[in-house]
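Following: one structure in structure tokens, then a few remarks.
The values are calculated or read from the model by the stated rules, or taken from the named source; none is laboratory data. Just so we're clear, the structure is a prediction, and the values are computed from it rather than from any experiment. All Cβ positions, glycine included, derive from the backbone under ideal geometry; neighbour counts span all protein chains shown. Just the protein is used for accessible areas: all its heavy atoms, side chains included, with ligands, DNA and RNA removed. Shrake-Rupley method; radii C 1.70, N 1.55, O 1.52, S 1.80 Å.
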Amino acid sequence: MSDQPIIRRRVVSHGISDARVNSSKIQSQYQPYKDAAWGFINHWYPALFSDELPEDEVKGIQICGVPIVLRRVNGKIHALKDQCLHRGVRLSEKPMCFNKSTISCWYHGFTYDLESGNLVTIVANPEDKLIGTTGLTTYPVQEAAGMVFVFVREDGFPDADVPPLADDLPFRFPQESERFPHPLWPASPGVLDENAVALGMHRTGFGNWRIACENGFDNAHILVHKDSTIVHAMDWVLPLGLLPTADDGIEVVEDEKGPKGLMQWLFTDKWQPVLENKELGLKVEGAKGRYYRTSVVLPGVLMVENWPGEHMTQYEWYVPITDDTHEYWEVIVRVCDTPEEREKHQYRYDRVYKPLCLHGFNDCDLYAREAMQNFYADGTGWDNEQLVATDVSPITWRKLASRWNRGIAKPGRGVAGSLKDTALRFKDTADGRRPGYEVIRIQED
Amino acid sequence: MSDQPIIRRRVVSHGISDARVNSSKIQSQYQPYKDAAWGFINHWYPALFSDELPEDEVKGIQICGVPIVLRRVNGKIHALKDQCLHRGVRLSEKPMCFNKSTISCWYHGFTYDLESGNLVTIVANPEDKLIGTTGLTTYPVQEAAGMVFVFVREDGFPDADVPPLADDLPFRFPQESERFPHPLWPASPGVLDENAVALGMHRTGFGNWRIACENGFDNAHILVHKDSTIVHAMDWVLPLGLLPTADDGIEVVEDEKGPKGLMQWLFTDKWQPVLENKELGLKVEGAKGRYYRTSVVLPGVLMVENWPGEHMTQYEWYVPITDDTHEYWEVIVRVCDTPEEREKHQYRYDRVYKPLCLHGFNDCDLYAREAMQNFYADGTGWDNEQLVATDVSPITWRKLASRWNRGIAKPGRGVAGSLKDTALRFKDTADGRRPGYEVIRIQED
Amino acid sequence: MSDQPIIRRRVVSHGISDARVNSSKIQSQYQPYKDAAWGFINHWYPALFSDELPEDEVKGIQICGVPIVLRRVNGKIHALKDQCLHRGVRLSEKPMCFNKSTISCWYHGFTYDLESGNLVTIVANPEDKLIGTTGLTTYPVQEAAGMVFVFVREDGFPDADVPPLADDLPFRFPQESERFPHPLWPASPGVLDENAVALGMHRTGFGNWRIACENGFDNAHILVHKDSTIVHAMDWVLPLGLLPTADDGIEVVEDEKGPKGLMQWLFTDKWQPVLENKELGLKVEGAKGRYYRTSVVLPGVLMVENWPGEHMTQYEWYVPITDDTHEYWEVIVRVCDTPEEREKHQYRYDRVYKPLCLHGFNDCDLYAREAMQNFYADGTGWDNEQLVATDVSPITWRKLASRWNRGIAKPGRGVAGSLKDTALRFKDTADGRRPGYEVIRIQED
């Protein structure tokens, strides 16, 4: 492949902008990212909010094409592959647990140890030679700030190599305050902080996770928010976009340990807030600057510091379910040292942040991401997109994600979404059910 | 291909159980079965209940990817390929019959003789040279016990080779009473018995017919029924499963004439009812043994003798519609020699067997079969399933079905379900219509 | 490929009809037509009725797999490719226009000149080098008789080569009255006539456009209308079909300039109205002859002269959206020289023609076309159809369309319908939305 820019559609004259054009050379630098339609595997992902899995509850989800069943026993959550070894049904469709240390398949009674995943008995076949010789893959679980994180791994991935959760979470403060100082706000709270509280929601987005993820930190997309109620209720100044003014506007973090990602020097002299477009007679009005800073780390976690208010951080995940669905997580993290603070945070979340930000403001993002799906789904977008200066952010991300991911998830096999046009899916759709993230229980009389 | 067992997922230690493992050698013995996604053709299948096709009525169905139109005239049912030779529309979508011996295509008037299938005229083209030179394939029809059976054949299959219906129905009694004696019940009634009455229902299952069929006679699946209302209302003892204790627990029937299938020696010393699993502290309670016996014959007909009560037999078919849908038939057969017996059977069917058995009890089977669909639909299941002792039944069935079927149906072409993702199907789905078995009539003002 | 007729299904005896059989030789003469699943490009198509696009309104549609956005400014309609160069979203999903000469992408602010399609600015990146170097393809627009026509072209098609709209509209009268005289009616009105008024409707048909188009002028299909309310209310004599009696029953028009198409000499001695089928004992009754004449021109426009009444012409288009959907247009044209005439025409349209003709009568056509979709969608139909004398019309059309089309549309890429089974489409379907023609706006709070 040559390094020539890909010419497409009607080129009126010459002089195309250079570095940010997706030439075949630049594209080759992020080929692994283009291959990761089903996500990056061997990473930590949020699975549920803690309160979605009360004691003794069982739930099934799917991440990177891997079906996962979670059960909480004595407070501890166990996660196993949610696909019986016998004939492949999901344990979570009709949970059957005869004691606190196992989960059994509701169909033919294959019974697995929650801790090891080992096949410990078969209900009607307690002497079978298969018992003790095989088992289901297990997934490390960690809870933090009211969220359940699961390390989604390939079947052979060794326990010893499981990295700490912090390696797949955004940069932490005040640890990184010297590296990423900001005069306008104190150290941003994170989910691993003591007394951190993560309030938020998750729902399914009907597009590929990468397209969703890139929206979060591309500095021109904020145009979609220009009419948001929260912006005008608060009288915020939201720029038309932020333009890079220097080559070092993005800091790529590739330390041997810790998260791999990028930090953007927004609202410094490296990015110019665009408040006007003379050609169009546009001028941003509003009284109050609303300063924030976005960064993103593998496997695709957005952090928006100082957003949607002081002493808060908004996290987002775009967790791959299949190659055309992702679970969109929006979480506001705040440290609440007292029950009063916690209650106040919850109140304000319920009254302001959930309706006006996570819905009102971010719904625009969700729609925008789905609006790109047709263009990218058949590969057209990767070849034909025409990137510009502000797209330095997604391009930098694509390259670093290509270098540092721990594995490209294989296309799902034998799971929901590996075939998309089965009669079973049409049946569910006729009944009003969209393809989703959580397993729906078998309903019996 | 080698004879090595296929190793999959995390094998904790060695010593995998042997004969019932789906090694590549055993798989090769049932390759034709694996190829039969669209069913076995040149077999008898139930098409409708007799009362679903009253005098002069026309209905369209699809079996093994073959569209079939049925019309009853003077009591006799005729079945033809339901695809006009001209431009392929289904005659049954808008039935048009100008006399008792033909059916005409509602679109351009191609008119076929019901008996021979020959093109006898074209409404607006009565002199066309094509007339008398071609025709639609016809399908032999036979009614028994209130059911309509159709011999679904390939276009070239000769009339002379059509086998008797009895060859594709379960073993008959008392003819086979000596071969398959049972001390606990009298000879089981069958649909071909004099005064037999078959009461039941049929509905579409959203999975492949083979996955559905295997559920019916695998002796560990009864675990799914452990909480069924009928079981507890009747105080039945339903074992956790039935384990084979000897190599001759299944009798394979391959007589030169008559049905090809297998009979299971359940509730004899060749199968041990498992009433307890000590590892899990499980023990079955209940006062009354509910003895039954399952057998299966080509093209996939289950017989459950002495079920759901005395003097009854439950039949089941899993009639392939496409490769991902089947019509699930549940029928209870009883001999009713008087109108009073018939009425009593109907009453008990309506009040007890239909709601509590065919629905309450067997709905669990329907859900269980659909729960396997994702695993098997893309081929994963056939390679990755991990079979155990109780699976000797499906494996025996797969082998015998591979040896004795009369033809593997070709993937449907030019019919509903040959392409699955057409806009037409999405339209119907948006309107709340699931993919189905029967043709829906064109609605006109 | 040989010239042998394709033998299919059960051939009862020999003597198949000759010229109209779809032998491989004849099929090869219309191969381009068989390749045109996504339609013929570089042709004029109706896009909207004029009153569907009021001043300053923006709407998105798709024709031949090409997404098109239309905006009306100062009465004039502009049409551009509805796919932002940047990341491929449709401008019409959330229209954003900052002035009367441009349309901006709502996502990242790429702004295009309505006239030229050139990229004139980017909201937050007004100095980007890309500006002025590229742009979106534009489409010539012309309004006539209350309809908006768009010339749907390939990206490189030169303005200078755009033909007049009249070249893609039916034969005009009285210009062609000498060539196509008819004693029974005066010159038929057309959309380009002075004071012509086109009243009608358009809706999505769920099948390929070719299958739909052929229905319109095949002279045996009128059988589907035999029970129509309008026919019986009016006491019309509608024949069972019309049979060609001579080789010159169809006149192919291939003049160097003007429309390319065919005119059928219906209700002359070249076509015999079939009023009886003795074999079936059928005889058409009714008091009043309802004479009409059908013709069809590229890119697939039907004209029915003298229909559904005197001084009227019914036009139909089957505009390709994708390969399995088309927009079905039914329009009744009448010249109304005074406001009174116009009002009367509208009244009669609302009370009679819309309910009884465009719906009651033509709904049968819509259903009939969808009934062919399964047969043709996977290619089966093109190989297996068995054509007869009356099919001389579609075969003549297929050949001439193969010779005279201005380009075969490439399968859609990066647009709705290029992949059919995306989760996004299943989501919409679960929500009750069928695949459609017009873009649905993003709904925000």
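Values computed for the structure shown
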{"quantity": "C:VAL392, sole failed condition from (1) facing another protein chain (nearest Cβ under 9 Å); (2) out of contact with any helix residue (DSSP H, G or I) (no Cβ under 8 Å at 6 or more places or on another chain); (3) open to solvent by 40 Å² or more (accessible area, probe 1.4 Å)", "calculated": "(1)"}
{"quantity": "Residue under evaluation A:GLN272, criteria (1) open to solvent by less than 20 Å² (accessible area, probe 1.4 Å); (2) without any contact (Cβ under 8 Å) to a residue 60 or more places away in the chain, criterion not met", "calculated": "(1)"}
{"quantity": "Filter result for A:ARG425 (modelled with pLDDT of 95 or more, in contact with a helix residue (DSSP H, G or I) (Cβ under 7 Å, 6 or more places away or on another chain), open to solvent by 30 Å² or more (accessible area, probe 1.4 Å) and part of a helix (DSSP H, G or I))", "calculated": "yes"}
{"quantity": "Given (1) in contact (Cβ under 8 Å) with a residue 40 or more places away in the chain; (2) under 16 Å from A:ASP218 (Cβ atoms), index of the condition A:ASN384 fails", "calculated": "(2)"}
{"quantity": "Conditions (1) more than 10 Å from every other protein chain (Cβ to nearest Cβ); (2) among the small types (Gly, Ala, Ser); (3) touching a Lys or Arg at 6+ places or on another chain (Cβ under 8 Å): number failed by B:SER402", "calculated": "(3)"}
{"quantity": "Selection from region B:113-159 of residues that are of a type in the set (A, V, I, L, M, F, W, C) and farther than 30 Å from B:VAL331 by Cα", "calculated": "B:LEU119, B:VAL120, B:ILE122, B:VAL123, B:ALA124, B:LEU130, B:ILE131, B:LEU136"}
{"quantity": "Answer residue from region A:68-85, given it is surrounded by fewer than 24 Cβ atoms within 10 Å (Cβ to Cβ) and within 12 Å of another protein chain (Cβ to nearest Cβ) and is nearest to A:LYS410 (Cα to Cα) among those", "calculated": "A:LYS81"}
{"quantity": "Region B:112-122 - residue that is surrounded by 24 or more Cβ atoms within 10 Å (Cβ to Cβ) and within 7 Å of another protein chain (Cβ to nearest Cβ) and, of those, farthest from C:LEU243 (Cα to Cα)", "calculated": "B:THR121"}
{"quantity": "Any hit, region B:48-58, residues being among the hydroxyl-bearing types (Ser, Thr, Tyr), touching a strand residue (DSSP E or B) at 6+ places or on another chain (Cβ under 6 Å), open to solvent by 10 Å² or more (accessible area, probe 1.4 Å) and not assigned by TED's automatic domain parsing to the domain that holds B:PRO170", "calculated": "yes"}
{"quantity": "Scope region C:395-413; condition in a loop (DSSP other than H, G, I, E, B) and surrounded by 21 or more Cβ atoms within 10 Å (Cβ to Cβ); matching residues", "calculated": "C:ASN405, C:ALA409, C:GLY412"}
{"quantity": "Scope region A:197-225; condition at pLDDT below 95 and either outside any helix (DSSP H, G or I) or within 12 Å of chain C (Cβ to nearest Cβ) (or both); matching residues", "calculated": "A:ASN215, A:ASP218, A:ASN219, A:ALA220, A:HIS221, A:ILE222, A:LEU223, A:VAL224, A:HIS225"}
{"quantity": "Of residues in region B:226-249 being more than 30 Å from B:ARG351 (Cα to Cα) and open to solvent by 30 Å² or more (accessible area, probe 1.4 Å), the one farthest from the other protein chains (Cβ to nearest Cβ)", "calculated": "B:ASP248"}
{"quantity": "Residue satisfying all of: in region B:61-107; in a helix (DSSP H, G or I) and touching a residue at least 60 places away in the same chain (Cβ under 8 Å); farthest from B:TYR139 (Cα to Cα) among these", "calculated": "B:GLU93"}
{"quantity": "Filter result for the condition that a residue is more than 19 Å from A:THR294 (Cβ to Cβ) and part of a loop (DSSP other than H, G, I, E, B), over A:PRO170, A:PRO163", "calculated": "A:PRO163"}
{"quantity": "Options A:GLU305, A:GLU194, A:GLU285: the member that is open to solvent by 10 Å² or more (accessible area, probe 1.4 Å) and either modelled with pLDDT of 95 or more or touching a Gly at 6+ places or on another chain (Cβ under 9 Å) (or both)", "calculated": "A:GLU194"}
{"quantity": "Filter result for C:PRO164 (within 30 Å of the chain's Cα centre (by Cα) and open to solvent by 40 Å² or more (accessible area, probe 1.4 Å))", "calculated": "yes"}
{"quantity": "Qualifying position, being farther than 21 Å from B:GLN386 by Cβ and within 13 Å of chain B (Cβ to nearest Cβ), among A:LYS129, A:LYS94, A:LYS100", "calculated": "A:LYS100"}
{"quantity": "Test result for B:ASP324, acidic (Asp, Glu), in the same structural domain as B:HIS202 (by TED's automatic domain parsing) and touching a Lys or Arg at 6+ places or on another chain (Cβ under 8 Å)", "calculated": "yes"}
{"quantity": "Any hit, region B:337-346, residues being in contact with an Asp or Glu (Cβ under 9 Å, 6 or more places away or on another chain) and not aromatic (Phe, Trp, Tyr)", "calculated": "yes"}
{"quantity": "Failed criterion for B:PRO435 (all others in (1) within 14 Å of chain A (Cβ to nearest Cβ); (2) touching a Phe, Trp or Tyr at 6+ places or on another chain (Cβ under 6 Å); (3) not in a loop (DSSP other than H, G, I, E, B) hold)", "calculated": "(3)"}
{"quantity": "Subset tally (residues that are touching a residue at least 40 places away in the same chain (Cβ under 8 Å) and open to solvent by 10 Å² or more (accessible area, probe 1.4 Å)) for region A:288-302", "calculated": "4"}
{"quantity": "Some residue of region C:369-379 being closer than 30 Å to C:ASP161 by Cα and at the interface with chain B (Cβ under 10 Å from one of its Cβ atoms)", "calculated": "no"}
{"quantity": "Residues of region B:234-260 that turn out to be outside any strand (DSSP E or B), at negative phi and in contact (Cβ under 8 Å) with a residue 60 or more places away in the chain, as a count", "calculated": "5"}
{"quantity": "Failed item in (1) farther than 16 Å from A:LEU387 by Cβ; (2) of a type in the set (Phe, Trp, Tyr); (3) facing another protein chain (nearest Cβ under 7 Å), with C:TYR107 passing the rest", "calculated": "(1)"}
{"quantity": "Number of positions in region B:322-354 that are crowded, with 22+ Cβ neighbours inside 10 Å and touching a helix residue (DSSP H, G or I) at 6+ places or on another chain (Cβ under 8 Å)", "calculated": "8"}
{"quantity": "Hey, C:ASP167 within 12 Å of chain A (Cβ to nearest Cβ) and acidic (Asp, Glu) or not", "calculated": "no"}
{"quantity": "Top-ranked residue of region C:132-157 - restricted to ones that are within 7 Å of another protein chain (Cβ to nearest Cβ) and open to solvent by less than 20 Å² (accessible area, probe 1.4 Å), ranked as nearest to the chain's Cα centre (by Cα)", "calculated": "C:THR137"}
